[in-house]
1. With the condition kept exactly as written, say whether any residue in the stretch 49-56 is over 14 Å from residue 129 (Cβ atoms) and either of a type in the set (Asp, Glu) or open to solvent by 60 Å² or more (accessible area, probe 1.4 Å) (or both).
2. Could you run through the stretch 34-48 and say how many residues are on the phi > 0 side of the Ramachandran plot and surrounded by 12 or more Cβ atoms within 10 Å (Cβ to Cβ)?
3. Could you say whether any residue in the stretch 74-85 is over 30 Å from residue 34 (Cβ atoms) and either at pLDDT 95 or above or in contact with a Phe, Trp or Tyr (Cβ under 9 Å, 6 or more places away or on another chain) (or both)?
4. Return the residues of the stretch 75-127 that are of a type in the set (S, T, N, Q), open to solvent by 20 Å² or more (accessible area, probe 1.4 Å) and under 14 Å from the mean Cα position of the chain (by Cα); say none if nothing qualifies.
5. Looking only at the stretch 106-124, which residues are of a type in the set (Val, Ile, Thr), over 11 Å from residue 71 (Cα atoms) and touching a residue at least 12 places away in the same chain (Cβ under 8 Å)?
6. Can you confirm whether the stretch 64-74 contains a residue that is assigned to a strand (DSSP E or B), among the aliphatic types (A, V, I, L, M) and surrounded by fewer than 14 Cβ atoms within 10 Å (Cβ to Cβ)?
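The values are calculated or read from the model by the stated rules, or taken from the named source; none is laboratory data. Treat the numbers as computed from the prediction; the structure is a model and nothing was measured. All Cβ positions, even for glycine, are placed from backbone atoms using ideal geometry, and neighbour counts span all protein chains on display. The protein model used for the area step is the full one, side chains on, heavy atoms only, and it has no ligands, DNA or RNA in it. Shrake-Rupley method; radii C 1.70, N 1.55, O 1.52, S 1.80 Å.
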Amino acid sequence: MATVQQASRWILFLLGLMLSCCTISAQAKKDKIEEPQYPGGRKEMLKYMEEHMVHPTEMRKMGIEGEVVVEFFVERSGVITGVNVVKSLTKEYDDEAIRLTRNMPHWVPGKKNGIPVRYHMTMPINFRIKKHSGKHIDKSR
């Protein structure tokens, strides 16, 4: 008789465990997540990049171009923090990608269920050398 009671307890325990997992899973599906947004959206961010990007003179002369991937946090206030390069191109371009990201205006913060949250972002920054006809404007520091 004791073994039947023990088996019943185990079945009830497992059933309770399964139900609590389902409740947690259902709660996670109910969470409404909103990603952070650059003010004005992607188009404005590309405009910011184009207007503020400085190609290091030596890299431009050597014809080096490519992509740097940065990671950062958008804080609850919209401030950018913790900028770090996760995919490097050259030290010069990495430094420029960090500078561009740190100097961005405050973002619209991400939200979870309508409440601002700290949000981890990863973003590629493409450095392409434009071919100009006529005179070239040197934007180096």
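1. yes
2. 1
3. no
4. 81, 84, 122
5. Listed by number, the residues that qualify are 108, 117.
6. No, the stretch 64-74 has no match at all.
Let's see how each residue does on (1) over 25 Å from the mean Cα position of the chain (by Cα); (2) modelled with pLDDT under 50; (3) within 30 Å of residue 127 (Cβ to Cβ):
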position: 10; (1), (2), (3): yes, yes, no
position: 15; (1), (2), (3): yes, yes, no
position: 28; (1), (2), (3): no, no, no
position: 37; (1), (2), (3): no, no, yes
position: 54; (1), (2), (3): no, no, yes
